[in-house]
Amino acid sequence: MDIPVPSTPPSRPVRPPRQQPVFIQGSLLRHILVMSGTGAVGLMAIFVGDLANIFFLSRLNDEAIVAAIGYASSIQFLTISIGIGLAIAASALVAPALGGGRRTRARRLSVNAHLWTFVVSSLLALGVWLAIDPLLTLFGASGRTKDLASSYLSILVPFLPLLAVAMTSAAVLRSAGDARRAMYVTLIGAIVNTLLDPIFIFAFGLGIEGAAIASAISRLAVISVGLYGVIRVHGLVTRPRPRPFVSDAMPLAAVALPAVLTNVATPFANAYVTMSMAAHGDSAVAGWAIIGRILPVAFGAIYALSGSIGPIVGQNHGAGRPDRMREAFTLSLAVTAAFTCLAWLALAISADWVVAMFRVSGEAADLIRLFCRWLAPLFVFLGALFVSNAVFNTLQRAHYSALLNWGRATIGTIPFVVLGSRYWGAPGVLVGNMIGGILFGCLSIVLCFGVIAWLYPDDR
């Protein structure tokens, strides 16, 4: 008896097609706007969460608490900036690998970047936690204000590794072109933080400690969303192995160390400004603390743009497309200028409302109005510096970012703040901090175009 033979072979599992890099084709302006738009939502969510902390705490009508948040933020900004530097290293290596079609290498770099981020941030968190009191003293905090800031940081600092790993996950997602999930990483955390703040601050009566607990819990949500996107959705991990873990340390460190130095420069400058404000009283520090929360919310799109341009330039660098690299950088500068104008308009209109919302008066109110109405447009130069930093990091020239940022944080900040403080008090400190960025913003633009031309001499 003949056995019937099927006319077609049995079906086999089909391997899903390899994901293609998304930024090496299509409209660069669209890529920039989509990446920066979703990134802005995610970043602004973080800053809105921080703003919610200080908003709810201001309802307690205790200026010492608001000042304590200002001191604590200087230290917290320092630690977070180091985490951002580690995330930059992940993006600077993963994006070119994906752009060049080397997905296996991208997966290996991704998992090792996450592991190194956890190791380094854990050691950093331990060191900062042990040195909270000396650091607060160094920044000028004293008395009850110092005690409040110490309580806040003692709760929150141990959760730094979770936030750092989540930032690395978001960077890897942006490198893969998944702007939406990268946005969710921080958006979910901000939602959790904002919802929990009034519960812990008012319902449980924990005050500033309640704000810290709410932020700590939100970081658990952040890392969960980030790792899910990297591992389950994109599969951009592989099994960790000791030898690649050690060998990848050097290329990651080559970008991470100068990137960390770059990111530490801004909190260094902010810490110096905080110390200078402290000489003019708690009201000045409270005003500076509120401005520190307003600034990233108003200019969140520019912060996001600086985090989005790296993957776009990186994929085109990996694909050997210098024409698209230059166009992406030029468009980013134009978008930075446009975003700055819109933010300035919004701040100038809402200055009095902001003062009323935070229930401040005197020096604090004057500083907020000065920034919103007159100093906000100078942020365009800092925006240009941030965008240039992202390109330098992606092109393995992170030391340029470090030199420019530290130049701005030292000779571009300290002399101007000293003179401003001496002759115009707290308003002079604020003005000095802003005008120092003009020179270094312009210098970064010229140098960035020069680096691209040097890397691709045949394409000039």
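Quick check: is even one residue across segment 273-280 of a type in the set (Gly, Ala, Ser) and more than 30 Å from residue 359 (Cβ to Cβ)?
The first filter runs over segment 273-280 and keeps only residues of a type in the set (Gly, Ala, Ser), leaving 276, 278-279.
Next cut, more than 30 Å from residue 359 (Cβ to Cβ) only: none.
Scanning segment 273-280, I find no residue that is of a type in the set (Gly, Ala, Ser) and more than 30 Å from residue 359 (Cβ to Cβ), so the answer is no.
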* Structure fact -> Residue count, segment 54-93, condition under 20 Å from residue 150 (Cα atoms), under 18 Å from the mean Cα position of the chain (by Cα), buried (at least 24 other Cβ atoms within 10 Å of the Cβ) and hydrophobic (A, V, I, L, M, F, W, C), comes to 2
* Among (1) at pLDDT below 85; (2) crowded, with 20+ Cβ neighbours inside 10 Å, which single condition is residue 283 missing? -> (1)
* **Top-ranked residue of segment 94-111 - restricted to ones that are hydrophobic (A, V, I, L, M, F, W, C) and modelled with pLDDT of 90 or more, ranked as surrounded by the most Cβ atoms within 10 Å (Cβ to Cβ)** => 94
* State which residue pairs qualify: first residue of a type in the set (A, V, I, L, M) and inside segment 265-283, second residue assigned to a loop (DSSP other than H, G, I, E, B) in any location, beta carbons under 6 Å apart, and separation of 6 or more residues or different chains. => 269/413; 271/139; 275/139; 275/140; 278/140
* To do: Select from segment 370-399 the residues that are farther than 23 Å from residue 96 by Cβ and out of contact with any helix residue (DSSP H, G or I) (no Cβ under 6 Å at 6 or more places or on another chain) and list them in ascending order.
  => 374
* surrounded by fewer than 16 Cβ atoms within 10 Å (Cβ to Cβ), in a loop (DSSP other than H, G, I, E, B), more than 24 Å from the chain's Cα centre (by Cα) and not charged (D, E, K, R) - does that describe any residue in segment 246-262? -> no
* To do: Would you confirm whether any residue within segment 336-346 is touching a Lys or Arg at 6+ places or on another chain (Cβ under 6 Å) and touching a residue at least 40 places away in the same chain (Cβ under 8 Å)?
  => no
* To do: Go through segment 143-216 and tell me which helices (runs of 4 or more DSSP H), entirely inside it, have 1 or more residues that are of a type in the set (Asp, Glu) and surrounded by 21 or more Cβ atoms within 10 Å (Cβ to Cβ).
  => 179-198
* To do: Considering every residue within segment 363-372, establish whether at least one is at pLDDT 90 or above, aromatic (Phe, Trp, Tyr) and either in a helix (DSSP H, G or I) or closer than 20 Å to residue 286 by Cα (or both).
  => yes
* Considering residues of segment 112-138 that are over 15 Å from residue 256 (Cα atoms), of a type in the set (Gly, Ala, Ser) and touching a residue at least 24 places away in the same chain (Cβ under 8 Å) only, the residue surrounded by the fewest Cβ atoms within 10 Å (Cβ to Cβ) -> 122
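From 123, 138, 148, 130, grab the single residue that is within 21 Å of the chain's Cα centre (by Cα) and either modelled with pLDDT of 95 or more or of a type in the set (A, V, I, L, M, F, W, C) (or both). Steps first, answer last, please.
On the way: 138 fails: within 21 Å of the chain's Cα centre (by Cα); 148 fails: within 21 Å of the chain's Cα centre (by Cα); 130 fails: within 21 Å of the chain's Cα centre (by Cα).
None of the others qualify; the one that does is 123.
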* To do: Under 6 Å between Cβ atoms, at least 6 apart or on separate chains: pull out the pairs that start in segment 371-398 with a residue that is in contact (Cβ under 8 Å) with a residue 12 or more places away in the chain and end on any residue that is not in a helix (DSSP H, G or I).
  => 379/299
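The values are calculated or read from the model by the stated rules, or taken from the named source; none is laboratory data. Quantities reported herein were computed from a predicted structural model and do not represent experimental measurements. We place every Cβ from the backbone using ideal geometry, glycine too, and count neighbours over all the protein chains shown.
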